[in-house]
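Worksheet for the structure shown next.
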Amino acid sequence: MTEVQVRATTFEVRAPATGEVIARYPEHNAAEVADAVAMARTAAPAWAVLSFAERGRLLDRWRGEIARGADTLAEVINAEVGKPVSDARLEIVMALQHLAWAAKNAGSVLGRRRMPSDLMTINQAATLEYSPLGVVGVIGPWNYPVFTPLSSLSFALAAGNAVVFKPSEYSPGVGEWLVRAFERAVLEHPVLHLVTGSGATGAALCESGVDKIGFTGSTATGKKVMAACARSLTPVLMECGGKDALIVDADADLHAAADAAVWGALSNAGQTCLGVERVYVHELVYDQFLDRVLAAAKDVRAGAKIGPITMPSQVAVIRAHIQDALDRGGRAVLGGLDAIDGQFVQPTILVDVPEDALAVTEETFGPTMTIAKVDDMDQAVELVNASRYHLGVTIFARGRGDEIARRIRAGGVAINAFVAYATVPTLPLGGVGDSGFGRVHGPDGLREFTYPKAVTRQRFLSPLALTTFARTEFTDRVVRVLTTLLHGRKR
Ligand code: NDP
């Protein structure tokens, strides 16, 4: 018997498609979480003192290990969350792109650099560097069980932190695979530790004294995480839910827009934080767009091109949103309540849905979308921005894409392509409002797991001794003159 089987407290992982138990994992308690944090803390200093180039080389080894095992990892993703294997492979390569970027660029983003001083501080040599926080706790969701946690893990590690990772209880095997790959690749630095379990294990991580929590998950859980972290003033990164919209202007490439809407709403069975859940289409092209979407969506079948709904409880949410939309006068032009069969939900497209319906206001997390007609792009922008979620928005427009993008309140906007901002390694990813705060990816994603350290070195004595009780009346007079000269002439 393995250690896992003899433990009193374990939890089961079930295949979403069949409900069959495929694995058991330990439900780590607070003491075990504390042990993992202590091990990470012991290993952290030796990792933190490595040069950025040395850490980068070790992270590159991890990247190679993941890439070589990508087929196996994709199978684990498929088994645990039900995602088609080819989509799982795509997720892995996207995650590796960001890992490569973080490993290569951490030095230039975080390393020590000289900063200018000013007239009053001219005798000070100023430098800035971004230091690792110590031990970071990463709490991940199941829907992109590689891409999403790696967005925090890669950047926290590249910045010089040790990490304790708590994957979702729906994808612990994926989390374990990633951590074991790190252990094989970076034997000499045990700086990535795994804890498994339910929300209670995540809660214990929040209270374990880690130096930051990188949380990705729903807004409701994010609020609990923040409340727990507030007690110890543990800083948090919040990558939370979304209700992303796609806008189609009258001059848009309708073929491309429909293709993006269908992929954006239905891929991963709609279980995507950045998934398209609402579409606003200029009235001049609404009918043509809808026809194209319907033509493309009818070939997407749950059980073939998309998988089942991973969490059994989510099916009830999807059903409630469709029911509410229909009760309020909406129409299902594809799918509908009949589209739900156990854990499988066929694509559902809803029109004429009022803006205060659940299908428009709340995260559905299923293969559904509402499509609404708008008079013009002003109305589209107003309706998009009316949401409490502000994660990402996609715009299809030929002439006014940039102008519309500037007026959108969201962490990311993609013009004429779906979620491109999440794939460009130099760009930050994150939300505003109920979608959270803080960023992963790019320079902001590296700084997220550091603290800025300001250092000055006095190069020579200042002719004006300001911060001393020996300050003279002459110095006070000079300060008064300087105050007027530097600031007092501004009107
Ligand atoms: P949940 O909020 O249910 O869970 C997220 C993680 O938090 C899981 O590991 C979960 O553990 C853990 N958790 C649950 N309760 C607590 C607690 N009290 N304290 C600490 N941790 C806890 O989200 P899902 O896993 O269902 O993921 C889907 C959500 O994630 C969607 O809302 C989606 O929009 C969002 N998301 C956001 C992204 C972004 O970039 N903004 C990216 C991907 C997803 P357990 O699973 O064991 O309950």
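The values are calculated or read from the model by the stated rules, or taken from the named source; none is laboratory data. Not measured: the values here are computed from a predicted model. All Cβ positions, even for glycine, are placed from backbone atoms using ideal geometry, and neighbour counts span all protein chains on display. Each accessible area value is taken on the protein alone, full model and side chains, heavy atoms only, with ligands, DNA and RNA left out. Shrake-Rupley method; radii C 1.70, N 1.55, O 1.52, S 1.80 Å.
Just so you know, the Rg over Rh for the stretch 245-434 is 0.94, from Cα atoms, with Rh as the Kirkwood radius.
Measuring nothing but how far apart in sequence close Cα pairs (under 8 Å, 6+ apart) lie, relative to its length, the chain scores a relative contact order of 17 percent. Rank Ile92, Gly107, Leu178 by how far each Cα sits towards the positive end of the charge dipole of the chain (+1 on Lys, Arg Cβ; -1 on Asp, Glu Cβ) and give me just the farthest. Of the listed residues, the answer is Gly107. Model label sites at Arg114 and Glu20, defined 7 Å from Cα along the beta-carbon direction, differ in position by 6.6 nm. Dipole size of the stretch 1-105 about its Cα centre, with +1 on Lys/Arg Cβ and -1 on Asp/Glu Cβ: approximately 440 debye, rounded to the nearest 20. Rounded to the nearest 20 debye, the dipole size of the chain about its Cα centre is 2420 debye, using +1 on the Cβ of Lys and Arg and -1 on the Cβ of Asp and Glu. For the stretch 313-391, the normalised intensity computed at q = 0.12, 0.18, 0.19 Å⁻¹ comes to -0.33, -0.71, -0.78 (log10 of I(q)/I(0), Debye sum over alpha carbons, equal scatterers, no solvent). Shape of the chain from its Cα gyration tensor (a ≥ b ≥ c, root eigenvalues): rounded if a/c is under 1.5, otherwise prolate when a/b > b/c, or oblate? Taking the square roots of the gyration eigenvalues as a ≥ b ≥ c, the chain is oblate. Let a ≥ b ≥ c be the square roots of the eigenvalues of the Cα gyration tensor of the stretch 348-392; is it rounded (a/c under 1.5), or, if not, prolate (a/b larger than b/c) or oblate? Note, shape of the stretch 348-392 comes out oblate. Taking trypsin sites (Lys or Arg not before Pro) across the stretch 219-251, the ones in a DSSP loop with at most 11 further Cβ atoms lying within 10 angstrom of their Cβ are Arg231. Restricting to bridges with both residues inside the chain, how much of the DSSP beta-bridge set is antiparallel, in percent to the nearest 5? Among the beta bridges of the chain, antiparallel pairing accounts for roughly 40 percent. The DSSP beta bridges internal to the stretch 245-434 are antiparallel in roughly 25% of cases. Here the stretch 245-434 is assigned +1 on the Cβ of each Lys and Arg and -1 on the Cβ of each Asp and Glu. Its dipole about the Cα centre then comes out at about 500 debye. Computed over the stretch 1-113, relative contact order equals 25 percent, with contacts defined as Cα pairs under 8 Å that lie 6+ residues apart.
For a Förster distance of 35 Å, can you work out the FRET efficiency between the beta-carbons of Lys490 and Phe437, rounded to the nearest 0.05? After rounding, the FRET efficiency stands at 0.60. A dipole drawn for the chain from +1 and -1 charges on Cβ atoms has a positive end, and of Val21, Leu187, Gln323 the residue lying farthest that way is Leu187.
Helix content alone sets the calculated 222 nm mean residue ellipticity of the chain: runs of n ≥ 4 DSSP H residues at -39500 (n - 2.57) each, divided across all residues, give -12500 deg cm²/dmol. Nonpolar atom fraction for the chain, defined as the carbon and sulfur part of the 1.4 Å probe accessible area, stands at 55 percent.
How high is the relative contact order of the stretch 75-162, in percent, with contacts defined as C-alpha pairs under 8 Å that are six or more residues apart? Don't skip to the answer; put the middle values down first.
Numbers: 85 pairs, mean separation 28.9, N = 88.
Relative contact order, the stretch 75-162: 33 percent.
Between Ala125 and Asn416, what's the calculated FRET efficiency when r is the beta-carbon distance and R0 is 51 Å? Round to 0.05. E(calc), rounded to 0.05, equals 0.60.
Excluding residues fewer than 8 places away in the same chain, name every one of the lysines whose C-alpha is closer than 18 Å to that of Lys490. Filter leaves no residues.
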